[in-house]
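Since the structure comes first, as structure tokens, the remarks are kept for the end.
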Amino acid sequence: MNSEIEPARQSGPQPGPDAGTWAMAVEMYRNRYSFVAVGPRAHEDWLPDAAAVMRREVADPRGWRGRDPEQGDEELEEDPAFPFRVPPTDGTGAAQWRSRLFEIPRSAVVRLLVMLATDAMDVSRQYGFADRRPGMEEHAQVILSRFPEGSRFFTNTRHHSNHHPDNPDFYERVTGCWPMTQYAWDFGLLAVSREEVGLIWSFDAS
């Protein structure tokens, strides 16, 4: 993970979603305990930018609505990043935190985003999934489209398809994760473009 995308030198118009389609896509997570937020990419090494999103220190660069189930909660007064475990700033700690993330190809992102919105983060347990799947995938494509070609994508599970070890299929049951929060079970997507860093994370607080 040493090769990093350099932050953009200047911002310009970008293709992709608008505020309305983004808001509808984020609504996909309304019935889950999920966090959706995007912050600016200000550093070559994106770790401080991810930490700033977790600490809720930055606003969405486009002014678009995210999702924060902890908004207004007393927990945030003691720990502004709750429930995330923020990456340490020292080299060893940062490397250890980063080692819990695994890069996935762009082709795997839509299914991951859909999985994060399902009951128990398990597609097989989602009621009426066959009927809901096209709409959920359409929303996931909107989220993905915010991060243009060349963006990098990370998640905290090593789950791999038996048939395509380098291209995980998140519609197959995922059995393990490396928690990035104070809960024992969580899954998410960390998306990094030249200009933005996004977190779409779902938690199991049971």
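Quick look at the numbers
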item: Dipole moment magnitude, nearest 20 debye, the chain about Cα centre, only Lys, Arg, Asp, Glu C-beta charged; result: 520 debye
item: Dmax and Rg, reported as Rg then Dmax, of the chain (C-alpha, Å); result: 16.1, 47
item: GNM flexibility winner over the chain from Pro69, Pro83, Pro48 (Cα, springs under 10 Å); result: Pro69
item: Relative contact order of region 80-144, pairs being alpha-carbon contacts under 8 Å that are 6 or more residues apart, as %; result: 25 percent
item: Exposure of Ser99 as accessible area (Å², to 10), given a probe of 1.4 Å and all protein chains; result: 70 Å²
item: Residue with peak Gaussian network fluctuation, the chain [Cα springs, cutoff 10 Å], from Asn156, Asn31, Asn167; result: Asn31
item: Cβ-defined net charge surrounding Asp79, 12 Å radius [Lys, Arg +1; Asp, Glu -1]; result: -3
item: Charge dipole magnitude, Cβ of K and R +1, D and E -1 - region 62-108, Cα centre, debye nearest 20; result: 600 debye
item: Length-normalised contact order for the chain - Cα pairs under 8 Å, 6+ apart - percent; result: 30 percent
item: Gaussian network model of the chain, springs between alpha carbon atoms under 10 Å - residue of Gln126, Gln182, Gln71 with greatest fluctuation; result: Gln71
item: Calculated [θ] (222 nm, deg cm²/dmol) that DSSP helices of n ≥ 4 give over the chain, each run adding -39,500 (n - 2.57); result: -7000 deg cm²/dmol
item: Positive-end residue, the chain charge dipole about Cα centroid, Cβ charges, pick of Met136, Ala117, Ala23; result: Met136
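The values are calculated or read from the model by the stated rules, or taken from the named source; none is laboratory data. None of these values were measured; they are calculated from a predicted model. So basically every Cβ, Gly included, is an ideal-geometry build from the backbone, and we count neighbours across all protein chains shown. Just so you know, the surface numbers come from the protein's heavy atoms only, side chains and all, with ligands and any DNA or RNA stripped out. Shrake-Rupley method; radii C 1.70, N 1.55, O 1.52, S 1.80 Å.
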